[in-house]
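One structure is given below, encoded as structure tokens.
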Amino acid sequence: MSLLEVRQLSKRFGGNIAVDQVSFDLNPGELLALIGPNGAGKSTSFNMVGGQLPASDGSVLLDGKELLGLSSRSIVHQGVGRTFQIAATFASLTVVENVQMALLSHHRRVFSFWRPAAGLYRDEAIQLLGLVNMQDQAERPCSELAYGDVKRVELAMSLAGNPRVLLMDEPTAGMAPAERHALVGLVKQLVVQRRLAVLFTEHSMDVVFAHADRIIVLARGKLIAEGSVEQVRQHPKVQEVYFGSGKTMQTDVSPEVKS
């Protein structure tokens with residue numbers, strides 16, 4: 001059985017059907033990309049799975065347990081982590097303090113941070129920073145970091161709850177090509193090493209084709225294709241949606257990825 005099972009997921013806004021009976025599975029140790037043109041229903045689907053938006057119909061099962069109807073915070077405590085398109089870090093705090101805050105929140109001791117016991121979970125925070133290669137910048141304020149490094153800190157924070165599923169909304173938005181591949185390559189390592197199941201939305205096709213294990217494609221709220229990178233690249237409906245009929249989807253892979 002798949003770790004995450006999405007079945008007939010739908011969302012209506014008045015008479016408009018934004019997501020129309022979308023179904024897919026996500027397995028442990030899999031990096032699954034959710035792509036589609038603007039207005040395809042990607043963000044709406046993503047936010048329903050994460051609990052930020054209520055669904056109109058359907059089911060989202062984590063290890064057989066229904067997630068729909070739970071708050072986003074409850075879903076996090078069920079083992080579903082989340083990163084956002086705009087990194088959600090505290091600029092005035094240091095790198096390690098940001099991760100400590102995430103750990104305190106996970107352990108429901110968030111107010112403890114403002115007491116002298118700010119050393120709570122520090123060792124655990126340093127270990128999480130080690131996973132994203134940021135332990136050497138632990139004492140720097142987040143306000144001083146390059147944007148790519150801020151995204152790494154956010155990734156470490158999302159791992160504070162030891163999630164089994166990680167939802168990543170446009171993780172490389174605003175990043176340079178080399179930074180994009182470095183970040184998603186790091187996520188792919190975590191997928192393999194920790195058997196993490198990751199669902200991510202992404203506009204950069206070079207990132208998707210270079211790193212995703214499998215791809216699902218939405219258009220006008222409907223699932224139109226799913227499969228391996230090559231299967232999706234050659235799928236006629238995908239080519240038509242992105243480029244018009246008769247054209248082939250190409251990747252724009254940077255030299256760093258080719259080497």
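What follows is calculated from the coordinates using simple rules that are stated; it is not laboratory data. All values reported here derive from a predicted model rather than from experimental measurement. Virtual Cβ from ideal backbone geometry, glycine too; neighbours counted across all protein chains shown.
What's the lysine pair count for the chain at a Cα cut-off below 22 Å, pairs eight or more apart or interchain?
12
Using only Cα atoms and rounding to the nearest 10 degrees, what angle (0 to 90) does helix 177-194 make with the longest principal axis of the chain?
Between helix and principal axis, roughly 80 degrees.
Could you work out how far helix 147-158 tilts from the main Cα principal axis of the chain, as a 0 to 90 degree angle to the nearest 10?
On a 0 to 90 degree scale, this one is about 80.
Report, to one decimal in Å, the Kirkwood hydrodynamic radius for the chain based on all distinct Cα pairs.
On the way: mean 1/r = 0.0525 Å⁻¹.
Hydrodynamic radius (Kirkwood, Cα pairs) of the chain is 19.1 Å.
Nearest 10 degrees, 0 to 90: what angle lies between the long axis of helix 122-131 and the longest principal axis of the chain (Cα atoms)?
Orientation of helix 122-131: about 40 degrees from the principal axis.
Run the helix sum for the chain: -39,500 (n - 2.57) per DSSP H stretch of 4+ residues, divided by residue count, reported at 222 nm to the nearest 500 deg cm²/dmol. All intermediate terms of the calculation are to be shown ahead of the outcome.
On the way: 10 runs with 92 residues, N = 259.
It lands at -10000 deg cm²/dmol.
Which whole-number percentage describes the relative contact order of the chain, with Cα contacts under 8 Å and a sequence gap of 6 or more?
26 percent.
Within 10 Å, at most 10 other Cβ atoms, and a DSSP state outside H, G, I, E, B define an exposed site. Report the longest part of the chain free of exposed trypsin sites (Lys or Arg not before Pro).
Excluding the exposed sites themselves, the longest stretch runs over 109-246.
Please get the size of the charge dipole for the chain, origin at its Cα centre, with Cβ charges of +1 on Lys and Arg and -1 on Asp and Glu, quoted in debye to the nearest 20.
Charge dipole of the chain: 520 debye, to the nearest 20.
Could you derive backbone 3J(HN,Hα) for region 228-234 from the dihedral phi with the Karplus parameters 6.51, -1.76 and 1.60 (θ = phi - 60°), listing whole Hz in sequence and x where the residue is Gly or Pro?
5, 4, 5, 4, 6, 4, 8
What list of whole percents do you get for P(r) of region 88-162, with Cα-Cα distances grouped in 5 Å bins up to the one holding the largest distance?
3, 19, 32, 27, 14, 4, 0
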